[in-house]
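Novice: If you scroll down you'll find the structure; I have some questions about it.
The values are calculated or read from the model by the stated rules, or taken from the named source; none is laboratory data. All figures in this text were calculated on a predicted structure; none of them were measured in a lab. With ideal geometry, Cβ positions are generated from the backbone for all residues, glycine too; neighbour counts draw on all protein chains shown. In case anyone asks, the SASA skips ligands and DNA or RNA and just uses the protein heavy atoms, side chains included. Shrake-Rupley method; radii C 1.70, N 1.55, O 1.52, S 1.80 Å.
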Amino acid sequence: MISILVVEDQSLVRDAIAALITMEDNFTVAGKCANGQEALRWLEDNPAPHLILTDIEMPEKSGLELAEALKANKTPCICVFMTTFAKPGYVKRALALGAKGFILKEADSDYLISALTRVHHGERVIDPELALMALDDNNPLSSKEQKALKLASEGLKTHDIAGKLFLSEGTVRNYLSEAIAKLDATNRVDAARIASQKGWI
């Protein structure tokens, strides 16, 4: 029996996916969580499932941030990402985090079940077009610039970003300035918009 934790912020979608998986003889839904932070708390109190099927764009902690935490904690389960948005940066970051599956939400239910089964058996399931997009993705931002820009996109001021990243305000300003220059943006808001569209933050 393949156990799956479903992580999705929209309750109707989360429940629909869980119901679909439960209908399959070889699957069981171990739990349902609304975001990455909730999933990490769930994992503290429950055995790790075989697979975590997670959305990417979620409040509190995204699917990619969840995968980063799982990798850092060496949690023994495999992440499969699902998203509405085929952003090249998302795919590239997911692959770098060891993702074995990347599924668009527009895929039909048979494809989802097949993909989850194949991933459980050791295969990697990613649409060829998405894989090519990831290869062609040229993200110019450093990881620190991405983190600073992500926090700026959430409305945080330089002082607050510095506190979150344990950096000086001057260093944060430098990171944001570099990001603005690299993206040929007019300001940090514009830079964050461009980076978000690419899936870099």
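Novice: Go through segment 89-111 and give me each residue that's in a helix (DSSP H, G or I) and surrounded by fewer than 21 Cβ atoms within 10 Å (Cβ to Cβ).
Specialist: Residues satisfying the conditions are 95, 96, 109, 110, 111.
Novice: Quick check: anything in segment 190-201 within 17 Å of the chain's Cα centre (by Cα), open to solvent by less than 80 Å² (accessible area, probe 1.4 Å) and β-branched (Val, Ile, Thr)?
Specialist: So far as segment 190-201 goes, yes, one or more of its residues are within 17 Å of the chain's Cα centre (by Cα), open to solvent by less than 80 Å² (accessible area, probe 1.4 Å) and β-branched (Val, Ile, Thr).
Novice: Which residues, counting only those in segment 136-161, are assigned to a helix (DSSP H, G or I), more than 17 Å from the chain's Cα centre (by Cα) and without any contact (Cβ under 8 Å) to a residue 12 or more places away in the chain?
Specialist: The answer is 159, 160.
Novice: Taking segment 95-120, which residues are over 17 Å from residue 18 (Cα atoms) and without any contact (Cβ under 8 Å) to a residue 40 or more places away in the chain?
Specialist: 95, 96, 97, 98, 99, 100, 101, 102, 118
Novice: Only one residue in 24, 68 is open to solvent by 60 Å² or more (accessible area, probe 1.4 Å), touching a residue at least 24 places away in the same chain (Cβ under 8 Å) and not in a helix (DSSP H, G or I), so which one is that? Spell out the reasoning first.
Specialist: Values: 68 fails: not in a helix (DSSP H, G or I).
After ruling out the rest, the residue left standing is 24.
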